[in-house]
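Asker: There's a structure below that I have some questions on.
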Amino acid sequence: MELTQYIKELLFQHECVTLPGFGALLTQTVPIRVNRDTGVFNPPSREISFNSLIQQNDGLLANYVALREGLNYTDGLAVLEKEIALWKKQLTRQMVVLPGIGEFSLTVENNLRFLPYGKINFDLDALGLHSFKRIPLREQLQAAAVVPPIVPKSTNSKSSTMSDENKEPLAFTPQKAEGGSSSAIKYATIGIIAVALLGASYYFGNQYIQNERIKSTELAQKRITKNVQEATFDLGATTPIKLNVVADVAPTQDTDDNTISVAGGGFYSIIAGSYRDKVNAQRKLDQLKADGFDAAFAETSAEGFYRVAYGRFESKRAAFKLLNFVKFTLEEEGWYLAESK
């Protein structure tokens, strides 16, 4: 099984890849870096770190292994746990190397240590970009200024030296040599300006492409979210049913029949369903709480749908962890919502 390759593919798409019972590989975005002393430009990247305290299976890697190996989830998890058990056994004798990612080893205190290689940039937005070195313009001008003058060769030694009365030779530099040195400096300056213009065009052109790509992605995400809400949760017209229901008003609801009170914004929620009818929304909320979820109402949508969440979190990572559990472990429907502050 090519477990290392599967981990690489997931690191391009997720910020956290958990190895059940072993630890978690985390990625952190690093912006563009410029070393003004050496002139080296480094593109944006995502650096890898390791946290041995995050060991609980979130279903992400196990589900991906099962998908790539053509197995069901249970068999995929068993294969993954067997591979990690072999890693632990190998660590007692030697280090475990994940090509392109890093290596694991045990310290003298028997603690797990991870050394990232940093050879792969897991930032998809920087795919194909490499580090490059820019030679400062001042150094180029200085190098061009110290070019030795071109002195034409002459077969007649008398034409290149002169002697005074004491027979001391006097150096003689022809007038044409000065003109040749000036021409070299002029052409070098023109070349430097051309290189600088090309570099500036490449840099600002690349920035424009990145900005347009981000705008297109945000617009597509908004359209997808709107289509999913309307296609999945619009129940349309239904036959009315009269029920005599007497219930206490929940603490999270207002006395107004058209509103539901929700705690302040700034949350990341995993939505279980959106409903036009408040009664149906409350019924779904009670069901999730009975199943053990810390369910709550999220922000009402712009179309007036009542959103019921499996849970609401202040941490994006905790929200995605619950989303992976719902989709891959429970195999239930759910989607991610970032609520406004």
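Rule-based calculations on the coordinates, nothing more; no lab input. Keep in mind the model is a prediction, meaning the values are calculated, not measured. Here the Cβ is made from the backbone with ideal geometry for all residues, glycine too, and neighbour counts use every protein chain on show.
Asker: Using modelled amide H (1.01 Å from N, peptide plane; none on Pro or chain starts), what sits under 5 Å from the amide H of V40, excluding residues fewer than 5 places away?
Answerer: Residues meeting the criterion, in which the H sits 1.01 Å from N, are N35, R134.
Asker: Now a separate question. Label points 7 Å out from Cα along the Cβ direction at S131 and L53: separation in nm?
Answerer: Output for this residue pair reads 3.1 nm.
Asker: Continuing with this model, one more query. Need the full-extension length gain, A290 to A302, defined as separation in residues times 0.36 nm minus the C-alpha distance. One decimal, nm.
Answerer: On the way: separation 12, 0.36 × 12 = 4.32 nm, distance 2.86 nm.
Once the chain is fully extended between A290 and A302, it gains 1.5 nm.
Asker: Please work out the FRET efficiency for the pair A188 and E103, using the Cβ-Cβ distance as r and a Förster radius of 56 Å; give the result to the nearest 0.05.
Answerer: Computed FRET efficiency for A188 and E103 comes out at 0.75.
Asker: Length gain on complete extension for the stretch D277 to K119, per 0.36 nm per residue less the alpha carbon to alpha carbon distance?
Answerer: Roughly 51.5 nm would be gained on extension.
Asker: Same structure again: Taking the Cα-to-Cβ direction at E331 and at E212 and moving 7 Å from each Cα, how far apart do the two end points lie in nm?
Answerer: Rounded to a tenth, the inter-label distance reads 4.4 nm.
Asker: While we're here: Greater than 29 Å separation of Cα atoms is the criterion. Which listed pairs, K289/K321; K215/K278; K284/K321; K82/K289; K8/K89; K289/K327, meet it? Provide the component values of the computation, followed by the final result.
Answerer: Numbers: K289/K321 19 Å; K215/K278 35 Å; K284/K321 22 Å; K82/K289 35 Å; K8/K89 23 Å; K289/K327 18 Å.
Over 29 Å Cα-Cα: K215/K278; K82/K289.
Asker: Can you tally the net charge around F41? Count Lys and Arg as +1, Asp and Glu as -1, for every other residue whose Cβ sits under 9 Å from the Cβ of F41.
Answerer: Overall, the nearby charge balance is +3.
Asker: Right, next: Under the Karplus relation 6.51 cos²θ - 1.76 cosθ + 1.60, θ = phi - 60°, what is the ordered set of whole-Hz ³J(HN,Hα) values for region 300-306, x standing for Gly and Pro?
Answerer: 6, 6, 5, 7, x, 7, 8
Asker: Using modelled amide H (1.01 Å from N, peptide plane; none on Pro or chain starts), what sits under 5 Å from the amide H of S301, excluding residues fewer than 5 places away?
Answerer: Long-range HN contacts for S301: R307.
Asker: Considering all projection directions equally, how large on average is the shadow of the alpha-carbon convex hull of region 268-338, in square nanometres?
Answerer: 4.3
Asker: Same structure again: Please report the spacing between the Cα centers of region 25-91 and region 287-341 in Å, no decimals.
Answerer: So the two Cα centres are separated by 25 Å.
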